[in-house]
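The values are calculated or read from the model by the stated rules, or taken from the named source; none is laboratory data. Computed from a prediction, not measured in an experiment: that's the story for all the values here. Cβ: placed from backbone, ideal geometry, glycine included. Neighbour counts: every protein chain shown.
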Amino acid sequence: MLRTMSGNASGPSPARPGTGSPVFTTTHWSVVLAAGHGSIPGAREALEKLCRAYWYPLYMFVRRQGHSPEDAQDVTQEFFARFLEKEYFGLADPARGRFRSFLLASLKNFLAEQHRQAGRLKRGGGKIIVSWDAATAEERFVAEPKDEATPEHIYEKRWALTLLQNVLSRLGEELTAAGKERVFAELKNHLWGDKGEEPYSVIAGRLEMTEGALKVAIHRLRQRYRELLREEVAHTVARQEEIDEELRYLIGIIRG
C-alpha cells in the first residue's frame, strides 16, 4: 500500500520581503522560485511539500481529461517524478508565481508531450517520488459532485477546497497536540460563522464549559484558522502582497 498523504504543508509564517528581493524567502514556493535563479538550500524539500499537499487536484484534472483510473494514476505519478527530477521550477516566472497556475501549466505541457510521443506509461516502472493511496484517490474522484464546468475550473475549485482542508488538518493537529481534540471536533463546523443547528448552550454543556467560555473558544479558533489560512496561501504565492488577492480569488471560486 502506498503512503496516504495528509496534505499538510506546514512551515514558518511569512515574513516581510527584504529590500530589493523579488520574493520573500520564508515560504515554500518563494524558496522554490528563488532556487530557479541559483542554488537555494531546501528548495527541493519545499517543492516536494507543495506537491504532496496538492496532488489531488492534478489527479482530478487528468481524470477529467478522459483517462481511466489506472492511466490517471500513472500519468500523475510520472508527471511528479519528472517535475521534481528535472527541476521545472527553474522555468517559473516570479512575476506570475502562483504555484497552482504553474503546476497546471506544467501538467498540460506534460500531457501534450505524452500525446505526441503516443507512448504508454508502464505501471511500477519508475521511482515513486510523490506517493498516495491510489484507491483513496479514485474513491474521492467518484464521490465528487457532478460538474459540467471546464477541467480547468474544476481544478481550481478542488485546489481551493484542498487548501481549506489542509488548513483544517493543521488546526486539528494543533488542538490535538494541546489536548483539545474534543473541543476541535465540536467546534470545527463553526469556523465560518455559521452557528449550526445546535444552540451554543447545548455544545457548552457537552464540553463542560459556560456558554461565554464557548463563545471565546470559537472566536479564538476562528482567529487561529484565519492565521493558518494566510500562511497556507503564502506558501503558494511568490510575494507577500499577493496573499489577499489569492485568498479572494480562491474564496470566489468556492462560492461561485
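Does Ala204 satisfy being among the small types (Gly, Ala, Ser), in contact (Cβ under 8 Å) with a residue 40 or more places away in the chain and surrounded by 15 or more Cβ atoms within 10 Å (Cβ to Cβ)?
Answer is no for this residue.
Quick check on Phe83: is it assigned to a helix (DSSP H, G or I), at pLDDT 85 or above and either out of contact with any Cys (no Cβ under 8 Å at 6 or more places or on another chain) or under 21 Å from Thr236 (Cβ atoms) (or both)?
Judged against the criteria, Phe83 is not a match.
Scan segment 207-256 residue by residue and report those that are over 19 Å from Gly172 (Cα atoms), among the hydroxyl-bearing types (Ser, Thr, Tyr) and in a helix (DSSP H, G or I).
Tyr249
Got a number for residues in segment 188-201 being surrounded by 12 or more Cβ atoms within 10 Å (Cβ to Cβ) and either farther than 21 Å from Glu173 by Cα or at pLDDT 95 or above (or both)?
So the answer is 2.
Looking at this structure, is Arg220 more than 30 Å from Arg182 (Cβ to Cβ) and either touching a Lys or Arg at 6+ places or on another chain (Cβ under 6 Å) or surrounded by fewer than 15 Cβ atoms within 10 Å (Cβ to Cβ) (or both)?
No; evaluated as a whole, the condition is false for this residue.
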